[in-house]
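First up is the structure itself, then whatever we jot down about it.
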Amino acid sequence: MAAGEELTLSSHIQHHLTNAKMCTVDGSVAFNKACSEAGFWTWHIDTLAWSIGLGLLFILLFRSAAKKATTGVPGKFQCFVEMVIEFVAANVKDTYHGKSKLIAPLALTIFVWIFLMNLMDLVPVDFLPAFAGWVGATFFGMDSHDVYMKIVPTTDINMTAALALGVFLLMIGYSIRIKGVVGFIKELTLHPFSTKNVPLQIVLIPFNLLLELIALVAKPFSLALRLFGNLYAGEMIFILIGAIGLLQLPLHFVWAVFHILVIVLQAFVFMMLTIVYLSMASSDNH
Amino acid sequence: MNLNATLIGELIAFVVFVLFCMKFVWPPLSNAIEARQKKIADGLTASDRAEKDLALAQDKAKDQLKDAKAQAAEIIEQAKKREAKMLDEAVAKASAERDNILAQAKTEIEAERNRLREDLRKQVAALAVAGAEKILQRSIDEAAHADILEKLVQEL
């Protein structure tokens, strides 16, 4: 951070909570503050880079284990990977009773990917942003205050919303595949108020549709906001602790230890709810 | 914090990761786990069977050992019996032989004694005749007194 400049606490926090942005302005690539008017077509390059990087880490690690997978005596790494796989497979088996080749790998990807992204929360909050600021100032001649680096992708609502949207699309896809389009529409319109009286049922359809649509849409919203809220709040506490001087060390330790629980739990909850929602979408009886 | 194009980018990344995981990560690992589970299950069954086989074999061996012991005892018993019998026979045979030899020796001794006595008697008779001859000096005709001499010999 540039010397001689007054740093208020709120600007420090604001700096930590701002993503690095990239967009095109008048046909040329622009970054950060220049993107304030870019609207939807703004890319959070730090979120993208960290999340895709961590996703690749997951894919490559597990792929290397899969390539070397032996049915004989497994190595330590293969043991670890198989432990994760069996944990996920057991949860899928308990909850999802249909047959699907997608659910288990989907759950595995969600669990490990979200876990890795959440894990970035345990990197001390100033390390990487300060490093990025130094790199920006030293090699690119930027003002280090104008270099943003948010290293926990799950504290970006775009990340969690993308995951929830993917799950939501799968829910609709599974509903239609198992029950057919008509069955899906029936499920949305004939419940929870159903009667054998046909005219009355027609009157009830709008209410049913409203309730069912809200119930349906609430699922991805709750998925996205739960993960985002938990991690955002945790990150915020880390930033606040990081701003109070020497006393931060014991506080940081305590909060980090507690946060380990949050990190694993939120990854697990997202995975479990994904399985539950897809199981509900696949089951015929409402 | 607003939603923006990042959402689309992350959605695409999500789909790609899930598809890759579904195609290249999950099946080999899952298959490996299942294959190993089957292997272990087979191994356990085999070990159970082997254990049973072992118990069976041990029983069999025990039975055979018992049979063999019984047989050996029988053979020893027979051998002892035969030994006793042979010993008895040998003793009987030897004692018969001894009796035989003794009897033969006695007969021979008897015969020898008889022969020797006969010889002795003849020689005594001759000596007596010779003595008488000396005493009587021709008074005795050998031919005339042969009956007396004969009588004398008989008496000796």
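The values are calculated or read from the model by the stated rules, or taken from the named source; none is laboratory data. Source: prediction; values computed, not measured. Cβ: placed from backbone, ideal geometry, glycine included. Neighbour counts: every protein chain shown. Surface areas here come from the heavy atoms of the whole protein model, side chains and all, with no ligands, DNA or RNA. Shrake-Rupley method; radii C 1.70, N 1.55, O 1.52, S 1.80 Å.
For every residue, the table says whether it meets (1) in a helix (DSSP H, G or I); (2) at pLDDT below 95; (3) within 14 Å of chain A (Cβ to nearest Cβ); (4) surrounded by fewer than 16 Cβ atoms within 10 Å (Cβ to Cβ).
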residue	(1), (2), (3), (4)
B:Asn4	no, yes, yes, no
B:Ile8	yes, yes, yes, no
B:Glu34	yes, yes, yes, yes
B:Leu54	yes, no, no, yes
B:Gln64	yes, no, no, yes
B:Gln71	yes, no, no, yes
B:Gln78	yes, no, no, yes
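Taking the criterion of being in contact (Cβ under 8 Å) with a residue 12 or more places away in the chain and not basic (Lys, Arg), the residues of segment A:132-151 that qualify are A:Ala132, A:Gly133, A:Val135, A:Ala137, A:Asp143, A:Ser144, A:His145, A:Asp146, A:Val147, A:Tyr148, A:Met149, A:Ile151. I'd like the full set of residues that are at positive phi and open to solvent by less than 30 Å² (accessible area, probe 1.4 Å), limited to segment A:140-191. Listed by number, the list holds a single entry, A:Gly180.
If the condition is being open to solvent by 20 Å² or more (accessible area, probe 1.4 Å) and either touching a Pro at 6+ places or on another chain (Cβ under 7 Å) or over 30 Å from A:Thr18 (Cα atoms) (or both), then segment A:91-139 contributes A:Asn91, A:Lys93, A:Asp94, A:Thr95, A:His97, A:Gly98, A:Lys99, A:Ser100, A:Lys101, A:Leu102. With respect to (1) more than 25 Å from A:His259 (Cα to Cα); (2) free of Cβ contacts under 8 Å to residues at least 12 places away in the same chain, the lone exception for A:Phe77 is condition (2). For segment A:88-127, a residue qualifies if it is free of Cβ contacts under 8 Å to residues at least 24 places away in the same chain and part of a helix (DSSP H, G or I), and the qualifying residues are A:Ala89, A:Ala90, A:Lys93, A:Asp94, A:Ala104, A:Pro105, A:Phe127.
Would you say B:Asn114 is among the polar types (S, T, N, Q) and either in contact (Cβ under 8 Å) with a residue 40 or more places away in the chain or within 12 Å of chain A (Cβ to nearest Cβ) (or both)? Answer is no for this residue. In segment A:46-87, the qualifying residues are those that are open to solvent by less than 30 Å² (accessible area, probe 1.4 Å), part of a helix (DSSP H, G or I) and farther than 19 Å from B:Phe20 by Cα, and the one that is nearest to the other protein chains (Cβ to nearest Cβ) is A:Thr47.
When the residues of segment A:250-286 are filtered to those that are open to solvent by 30 Å² or more (accessible area, probe 1.4 Å) and β-branched (Val, Ile, Thr), the one that is farthest from the chain's Cα centre (by Cα) is A:Val254.
Exactly one residue out of B:Arg117, B:Arg113, B:Arg121 is within 15 Å of B:Glu150 (Cβ to Cβ) and either modelled with pLDDT under 95 or not acidic (Asp, Glu) (or both), and it is B:Arg121. Filtering segment A:240-249 to residues that are loosely packed, with under 12 Cβ neighbours inside 10 Å and either touching a His at 6+ places or on another chain (Cβ under 6 Å) or part of a helix (DSSP H, G or I) (or both) leaves A:Gly245, A:Leu246, A:Leu247, A:Leu249.
Looking across segment A:32-45, just one residue is more than 8 Å from chain B (Cβ to nearest Cβ), touching a helix residue (DSSP H, G or I) at 6+ places or on another chain (Cβ under 8 Å) and either open to solvent by 80 Å² or more (accessible area, probe 1.4 Å) or within 15 Å of A:Met159 (Cβ to Cβ) (or both), and that is A:Lys33.
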